[in-house]
Structure formats: C-alpha cells, structure tokens
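Only one structure is covered here, and it is reproduced in the block below.
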Amino acid sequence: MHLPTLARYAGKSLRYPSRAVKNGIAQCKFAMFFDPNVEREKLFAFLADNFHVDTDRIHQEFITSEFPDWMSSRREELANFPGPYRFASTGQWECEALYYLVRALEPRTVVETGVAYGASTSYILEALSHNGGGHLYSIDL
C-alpha cells in the first residue's frame with residue numbers, strides 16, 4: 001500500500017476508531033477464509049450443474065486472452081493514481097466472476113448500476129464481445 005493511502009486510512013481511523021476496528025476485523029476474517037481458487041470452483045460447479053456450461057473452455061479462453069494482462073496493468077495504474085477515490089473499483093475476483101457469469105448465461109442485455117472506474121464494466125463488455133454481442137446499460141449517479 002502506498003504512503004498517501006496509508007496516511008488517509010490512518011486519518012480516518014483516528015476520526016472513527018470503532019469503525020476502523022470493525023472494518024479491520026471484517027477484512028481479517030474475509031482474508032482468512034477467502035480463496036479465489038475455491039470460489040472459482042464453486043462458481044464453475046454452479047454454472048456447469050445449472051446451465052450445462054463448459055466452464056473449462058471459458059476459463060481457458062479467459063486466461064489465454066490478452067485481457068487479464070491488460071486489466072492487470074490498468075489496475076496497477078489505478079493503484080498509483082493520486083486521486084482520493086481509486087479504491088471504489090470492484091475487486092479482481094468479483095470482476096472475473098462477472099465475466100464467467102456473462103459468458104455462461106449469454107444475456108443480450110445487461111444493466112449495471114454504479115460504474116466508478118469501470119473495472120466491472122470492462123469485464124462485462126469483454127464477455128459480451130466473446131458472446132458475439134449484446135448491450136450494456138451502465139447507470140451511475
């Protein structure tokens with residue numbers, strides 16, 4: 001974590017100590033039990049069982065495409081962005097899960113509320129593109 005972010009977190013912790021402790025405990029619990037590989041397997045089992053999707057093919061397509069590397073470089077740029085709101089972005093696993101869901105379900109229309117920096121938008125659009133088209137409507141106040 002870079003210094004300005006750490007300083008901002010420290011300032012917020014001093015102003016709202018009970019919230020800082022509560023959030024810290026929640027993040028520790030989440031980190032202890034969250035394994036993206038386990039979550040991916042759960043999602044793939046759900047998609048295969050309920051929608052008869054070849055999840056191995058979709059996963060292979062995703063990891064061999066240029067998209068994950070491109071998105072990784074974009075996330076790195078965002079992490080180094082000096083603005084105060086760069087952490088409003090959807091997490092990497094959550095975005096990847098959106099990609100798999102859109103690929104598997106093949107919707108023609110997707111509605112997204114809240115865009116922030118467009119991380120989830122990028123994954124949804126990439127999946128729609130691989131599906132052969134579709135429309136994404138993004139709404140952000």
Problem set entry | From phi via Karplus (6.51, -1.76, 1.60), per-residue ³J(HN,Hα) for segment 39-56 in Hz, x at Gly/Pro | 4, 4, 4, 4, 5, 5, 4, 4, 5, 5, 5, 9, 10, 6, 9, 7, 5, 4
For this session: Pop a pseudo-label 7 angstrom from the Cα along the beta-carbon direction at both residue 115 and residue 81 and give the gap in nm to one decimal.
Result: 1.3
Exercise. Once the whole set of protein chains is in place, how much accessible area is left on residue 135, using a 1.4 Å probe, in Å² to the nearest 10?
Worked result: 110
Seminar exercise, completed: Here segment 57-73 yields Karplus 3J(HN,Hα) values (6.51, -1.76, 1.60; θ = phi - 60°; whole Hz; Gly and Pro given as x) of 5, 5, 5, 4, 4, 5, 6, 8, 7, 7, 4, x, 5, 4, 5, 4, 5
For this session: Apply 1/(1 + (r/R0)^6) to the Cβ-Cβ distance of residue 61 and residue 16, taking R0 = 35 Å, and write down the FRET efficiency to the nearest 0.05.
Result: 0.20
Exercise. Non-local amide H neighbours of residue 112 (under 5 Å, H modeled in plane, Pro and chain starts lacking H): which ones?
Worked result: 137, 138, 139
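Given a Förster distance of 30 angstrom, what is the FRET efficiency for residue 54 paired with residue 25, based on the Cβ-Cβ distance and rounded to 0.05? Provide the component values of the computation, followed by the final result.
Details: r = 40 Å, r/R0 = 1.34.
FRET efficiency, residue 54 to residue 25: 0.15.
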Problem set entry | Simple spin-label estimate for residue 108 and residue 70 in nanometres, 7 Å along Cα-Cβ | 2.6
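The values are calculated or read from the model by the stated rules, or taken from the named source; none is laboratory data. If you're wondering where the values come from, they're calculated on a predicted model, not measured in any experiment. Using ideal geometry, Cβ is built from the backbone for each residue, glycine included, and neighbour counts are taken over all protein chains shown. Just so you know, the surface numbers come from the protein's heavy atoms only, side chains and all, with ligands and any DNA or RNA stripped out. Shrake-Rupley method; radii C 1.70, N 1.55, O 1.52, S 1.80 Å.
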